[in-house]
Structures are given as C-alpha cells and as structure tokens.
Amino acid sequence: MSHVPRLAGAALLAAGCALLGCRSTPQGGGSASSGGPQGSAEAVPARAAAEPLKIAFNTWLGYSPLVIAKEKGFLKEAGIDVEISILESMGEKNAALLRGAIDGVGHTADSTVTSAAAGVDGQIVYVFDLSHGADGVLAQRSIKGIADFKGKKVALEPGFTGHFFFLSLLAEAGLTPADVTVVPMDTGSAGGAFVAGKVEAAVTWEPWIGKTKSMPNAHVVVTSADKPGLIVDVLYMNRAAVQRRPDDIQAMIRAMGRATDWYAAHAAEGDELIARFWKLPLPEEKETVAGIRFMSLPRNAELFGTAAAPGQLLDTVRRANELWLKAGITQKPVDAASLVDFVSVNKAASGKP
C-alpha cells in the first residue's frame, strides 16, 4: 500500500533500480489469442506507440496489475508503454512528481491527501486493489476491542496508511487521537516489536498478523477485511499528465483491467510472474496476495462512480482529509473531490474514446 518496504525482496529489487531505470521485459506476447480473457480492452483497436508513461512504486505487490500488463504485453497491444521505477518513501515520490521526473505513483487513497497537502497537484485515475486482511491492529488479550485502547500505547507509523486505518477505527469507537499514546516506529518494526512483547499493541501488516494468531496472550483485534474500502491502493497521476495524455492513460487503464481479468483466470501463472518481478519466494507472494483483492475495470467504475454520483473511493479520500487534519498530519484541508479523476476510468470502462 503506500507502504514502505514490507517484503523480503525489497532490498534486492531497490538496489538494482535507479529512478526510471527499472524496466521489465514483456513475457510471452500476451495476445488475445494466447489466452487473455475477452473484455472491453480487446475491443479497442491498438494505438500508435506513444512516449512511455513513467510510474514509480514502492515495493508492494498490490501494484502488480500494471506489472502484469507490461509483462504479458497488454500495454504494448494497447499502444502504450510504461517505465516502472522503485521509489520507497513518500518524500521521494512527492519530490519526483513535483519536478516532473515521473508521471504517476502507486499510492493509497489516504496518501493522496498528504501528497496534495504537500503541494503535489494530482488525481487518482485507477484503483489497483483493496486490502482484505493484509493490514490490521494487534493487541494483548486484555485489550478486547478498539474502545479499550483509551489510555493505551500503540506502535504505528505516523502519517502512513496504518495510522489512517487506526484513526478511522478510533473515530468509529468514539475516541480521538488524544485518547491514545502513539509509539512511533515504521510499520514492519511495529509488528516485530509487538510479537517480541515490547509493546502492548501495534498497527501493522503481514507477516506479523499471521504470527500473532499463534500467540496465546495476543490477538488480532481487527483487519482490513473487516473494514473494506479503507485501505485502497491507487494510481495517482500528475494532473498535468492527466490533462495532456488522456488517451494514453485510458489505454493504460484498459490494459490493467485486462491484466486483472487475466490474473483471475490464470492465478498460478500470475503468482509466478508476480513473485519473479518482485524477487520473492512464491509462498511469500501467495501469502501476501491472499490479503488483497485486485479490482477489475467494472469494479473500478463502481468505486469511482461519477462526479454527480461518486462511489466509495471519494468517501475514503474525504475521510482521510478529515482524519489527517484532526491528527495534525496535515495543516489545511484539500479539495477531496478534485483528487478523483472520474473521467478516465469511466471512459476506459465504456470502451469509448
């Protein structure tokens, strides 16, 4: 998610990837006749090759629909190429977007608010996936629910996705950020500290959620599977790129939709492809992917909705805008609706230019 590195292969991949230099090579052609699922993307004629779009990710498997679209040749067939690079931190992503070195980044919906508050003028054009159990809150068994966190210390990474998730849970329980004491540490370290018994609660992700399930004196209080739609991985593009290259962005969206459909029909091959790209052992890849749900193009259209009738995505962005302000992470509100590009996904889903 807009997560800092959380996978064993992160250091291996990042070490070999300079900005805009981590390009993958298409595998196996990926033509419609070679097994790709039928859908709206394949009804659109191939376009003339365009200048590559430049997209940066942190190391997270949720962004894999774009990886699959490139590796299987779906982008090429759509007449568009994408250069994929690795930027792990929010600061690196924001700086690259601001100076125009890249066109877009893999983010979470809540992180688009902090980027916008930092001066990055962008829009969400696509939803890669929803977290479905990959993120969660861990606690000692004496802390039975979120309401019991009042007066407690919780390890989490301030200003990042897990923090937003926890703030949302606090608000639902009638608590405020001042009702808990945050022990700041990066998200992976928070999970490790909890499993080691150094903190009484933590907001973290896999593999720490799975490890907690076998601990007799600890439990998983809640995961993202219990609150669908809060932790959402998205593609956040420079607004200038959205305005300057609408056809290219729609072509990329259709290719990613096709890639998601392909993965649904070819999960075993897809898992091997994803594990290979991210340099992960296959069992670790499967465990991680099990905690997310890739979003199809029709599902994207539902999540976006329209400017007149917005979907769930805008609700999440608005909630992030409100909660980041209350927690002091941002200092002034942003225009949440302006961060959502309602046009690109809906045109891509319709198959019409």
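The values are calculated or read from the model by the stated rules, or taken from the named source; none is laboratory data. Everything numeric here is computed off the predicted structure, so don't read it as measured data. When we count neighbours, we look across all protein chains shown, and the Cβ atoms used for this are built from the backbone with ideal geometry, even at glycine. What goes into the accessible areas is simple: the full protein's heavy atoms, side chains included, and nothing from ligands, DNA or RNA. Shrake-Rupley method; radii C 1.70, N 1.55, O 1.52, S 1.80 Å.
Given L273, L314, L303, which one is within 15 Å of L235 (Cβ to Cβ) and either open to solvent by less than 20 Å² (accessible area, probe 1.4 Å) or touching a helix residue (DSSP H, G or I) at 6+ places or on another chain (Cβ under 8 Å) (or both)?
Values: L273 fails: within 15 Å of L235 (Cβ to Cβ); L314 fails: within 15 Å of L235 (Cβ to Cβ).
When all the criteria are applied, what remains is L303.
Taking the listed residues A109, A96, A134, the one that is of a type in the set (A, V, I, L, M), over 13 Å from the mean Cα position of the chain (by Cα) and open to solvent by less than 10 Å² (accessible area, probe 1.4 Å) is A96, with no other qualifying. Residues that are in contact (Cβ under 8 Å) with a residue 24 or more places away in the chain, in contact with a helix residue (DSSP H, G or I) (Cβ under 8 Å, 6 or more places away or on another chain) and surrounded by fewer than 18 Cβ atoms within 10 Å (Cβ to Cβ) within region 184-217 comprise just one, G210.
What pairs come out if I take residues in region 286-301 that are in contact (Cβ under 8 Å) with a residue 40 or more places away in the chain and pair them with residues that are of a type in the set (F, W, Y) and open to solvent by 20 Å² or more (accessible area, probe 1.4 Å) whose C-beta lies under 9 Å away, six or more apart or interchain? So the pair list comes out as F294/Y263.
With a cut-off of at least 1 residues that are of a type in the set (V, I, T), under 19 Å from the mean Cα position of the chain (by Cα) and closer than 17 Å to A69 by Cβ, name the helices (runs of 4 or more DSSP H) lying wholly within region 229-331. Please lay out each step first, then the result.
Details: elements: 239-244, 246-265, 267-278, 282-289, 297-304, 312-327.
Correct list: 246-265, 267-278, 282-289.
Among the residues of region 141-161, those identified as of a type in the set (G, A, S) and open to solvent by 60 Å² or more (accessible area, probe 1.4 Å) are S142, A147, G151. Every test in (1) among the aliphatic types (A, V, I, L, M); (2) touching a His at 6+ places or on another chain (Cβ under 8 Å); (3) crowded, with 22+ Cβ neighbours inside 10 Å is passed by A225 save one, and that test is (3).
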